[in-house]
Amino acid sequence: MRSALVLALSVMGVTACNNEVEPKENLRSSIDYTKLTATTPYSSLFVDQNGASTVDLTAGNARINMFRAWDAYAKTVTAAGATTPLDATVLKNMYANSGNPFTGDYANLNSTGLQLRSVTAVSAADPEKDRKLIDESMVMLANTSKSVTAVAEAGKAGKLGNYLVDAQGIEWGQVIAKSLIGAYQLDYIGNVLLNEGLKADNYTLVAGKPYTQLEHNWDEAYANFTLKPVYAGDATATSNGGETFLGAYVWEYNKEGYPKMHQAFLKGRAAIVNNDVTTYQEQARIIRTELEKAIANAAIGYLKKTRENATDPARRAHAYSEGLGFIYSLRYAKVAGADAAFSDAILNSLAYTTDGMWKVKNDQIEQAIKTISTKFGIN
């Protein structure tokens, strides 16, 4: 009996040894974290065994430029003396990169096969619902632009100064742009690439590419955040140094957090090279948290500007509209536990679909500020 037990244990031991997974070797030489500085260009340290770069920022940077092109076209109606309405089809085609909508310096974007629409609200329960809302908002913007030569007043679309608003005093160009900062950049970077994307393979090269899927997911996050080799590397106390969209608002509305961003992107990417899971997850958490703080602070900041410009309809409409866009974006702040219900409740409390800017009261604004501040722990 005893000999049988010994034999059984021996067999089990052999089987267990045979079933052990052999540890995989890293593809790259390890990177010393002390080599990473605030001025280290993002792509400079990440190379293969032959010294060739393993970083490709092309797709993410192209999407930022699509956003820039869309925004530039939408703002043609805000120029002094503008008389030409916007075309809803062009607006939506630029969003979906359909029908060769990009011209001039952006014409090369037509052939990329990329679009903003497909990376909008990816983490949402029903992404297409969110994308259709953006499409519908673009139609609202185009319809409002038919009144580009009129002077706006309560109940009437037109211009307030250089700002184009609808009958409720809403500047749809700003609402859409700020909503896309959340629905595209915050969501795709934070909730997709630096969340689910961290589960990707890091031991096998993507076919025909010099990088693993995990390496590329991290690079995509950086590329959809900034066009600069060093994020905010040219920033000063009074200038964001040429950053745009989310990168610009992190600088403006998260003064404590924005200096952490470049180092976190670098260290996380180096940790991926080192297969240091704990470290790259920590850096992803830092990035996501600081991005969300910037969005929340921006929402609060524009609500305060709305309150402060009670006697200046043009400035009030502009601030109110930017605030609405950032409040919409809060639904993608998932580290903080925000969601669509949280975001929509604040939007509805500001009566934007009925009374709008013309009738919003300070107590409504104050309550919205309090709700956001409480959720995000902002004093």
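The values are calculated or read from the model by the stated rules, or taken from the named source; none is laboratory data. Predicted model only: the values in this text are computed from it and were never measured. Positions of Cβ are generated from backbone atoms using ideal geometry, with glycine treated the same way; all protein chains shown enter the neighbour counts. Accessible surface areas use protein heavy atoms only, side chains included; no ligands, DNA or RNA. Shrake-Rupley method; radii C 1.70, N 1.55, O 1.52, S 1.80 Å.
Here are the numbers:
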read-out: Some residue of the range 338-347 being in contact (Cβ under 8 Å) with a residue 40 or more places away in the chain, open to solvent by 30 Å² or more (accessible area, probe 1.4 Å) and either part of a loop (DSSP other than H, G, I, E, B) or over 26 Å from THR289 (Cβ atoms) (or both); value: no
read-out: Evaluation of SER147 against (1) open to solvent by 30 Å² or more (accessible area, probe 1.4 Å); (2) assigned to a loop (DSSP other than H, G, I, E, B); (3) in contact (Cβ under 8 Å) with a residue 40 or more places away in the chain (one fails), failing number; value: (3)
read-out: Tally of residues being closer than 12 Å to TRP172 by Cβ and not hydrophobic (A, V, I, L, M, F, W, C) across the range 116-145; value: 5
read-out: Test: residue in the range 148-165 that is among the aromatic types (Phe, Trp, Tyr) and farther than 30 Å from GLY197 by Cα; value: yes
read-out: Long-range neighbours under 7 Å by Cβ, at least six apart or interchain, first residue free of Cβ contacts under 8 Å to residues at least 60 places away in the same chain within the range 95-123, second among the polar types (S, T, N, Q) and open to solvent by 50 Å² or more (accessible area, probe 1.4 Å); value: ALA96/GLN115; ASN97/GLN115; ASN110/ASN100
read-out: Top-ranked residue of the range 348-379 - restricted to ones that are among the hydroxyl-bearing types (Ser, Thr, Tyr) and part of a helix (DSSP H, G or I), ranked as surrounded by the most Cβ atoms within 10 Å (Cβ to Cβ); value: THR371
read-out: Close pairs (6 angstrom Cβ cut-off, 6 or more residues apart or separate chains): farther than 21 Å from ILE378 by Cβ and free of Cβ contacts under 8 Å to residues at least 12 places away in the same chain in the range 301-312, surrounded by fewer than 15 Cβ atoms within 10 Å (Cβ to Cβ) and among the aromatic types (Phe, Trp, Tyr) anywhere; value: none
read-out: Helices (runs of 4 or more DSSP H) contained in the range 168-286 and holding at least 1 residues of a type in the set (Lys, Arg), crowded, with 17+ Cβ neighbours inside 10 Å and touching a residue at least 24 places away in the same chain (Cβ under 8 Å); value: 172-180, 258-273
read-out: Within the range 313-333, tally of residues that are open to solvent by 10 Å² or more (accessible area, probe 1.4 Å) and in contact with a strand residue (DSSP E or B) (Cβ under 7 Å, 6 or more places away or on another chain); value: 3
read-out: Filter result for SER10 (at pLDDT 90 or above and not hydrophobic (A, V, I, L, M, F, W, C)); value: no
read-out: Subset of the range 301-312 [of a type outside the set (Phe, Trp, Tyr) and open to solvent by 10 Å² or more (accessible area, probe 1.4 Å)]; value: GLY301, LYS304, LYS305, ARG307, GLU308, ASN309, ALA310, THR311, ASP312
read-out: Residue check, ALA124 in a loop (DSSP other than H, G, I, E, B), within 18 Å of the chain's Cα centre (by Cα) and closer than 27 Å to VAL192 by Cα; value: yes
read-out: Qualifying residue in the range 151-162 (condition: open to solvent by 10 Å² or more (accessible area, probe 1.4 Å), in a helix (DSSP H, G or I) and among the charged types (D, E, K, R)); value: no
read-out: Long-range neighbours under 8 Å by Cβ, at least six apart or interchain, first residue closer than 13 Å to ALA298 by Cα within the range 365-377, second open to solvent by 20 Å² or more (accessible area, probe 1.4 Å) and among the β-branched types (Val, Ile, Thr); value: ILE372/ILE378
read-out: Search result, residues across the range 290-300 that are under 16 Å from the mean Cα position of the chain (by Cα) and either surrounded by fewer than 24 Cβ atoms within 10 Å (Cβ to Cβ) or not in a helix (DSSP H, G or I) (or both); value: GLU290, LYS293, ASN297
read-out: Residue in the range 45-61 that is in contact with a helix residue (DSSP H, G or I) (Cβ under 8 Å, 6 or more places away or on another chain) and closer than 20 Å to SER329 by Cβ present; value: yes
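For (1) open to solvent by 20 Å² or more (accessible area, probe 1.4 Å); (2) in contact with a Pro (Cβ under 7 Å, 6 or more places away or on another chain); (3) in a loop (DSSP other than H, G, I, E, B); (4) farther than 30 Å from SER30 by Cα, each residue gets a yes or a no:
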residue: GLN49; (1), (2), (3), (4): yes, no, yes, no
residue: ALA59; (1), (2), (3), (4): yes, no, no, no
residue: ALA72; (1), (2), (3), (4): yes, no, no, yes
residue: THR76; (1), (2), (3), (4): yes, no, no, yes
residue: THR83; (1), (2), (3), (4): yes, no, yes, yes
residue: ASN93; (1), (2), (3), (4): yes, yes, no, yes
residue: ASP105; (1), (2), (3), (4): yes, no, no, yes
residue: GLY113; (1), (2), (3), (4): yes, no, yes, yes
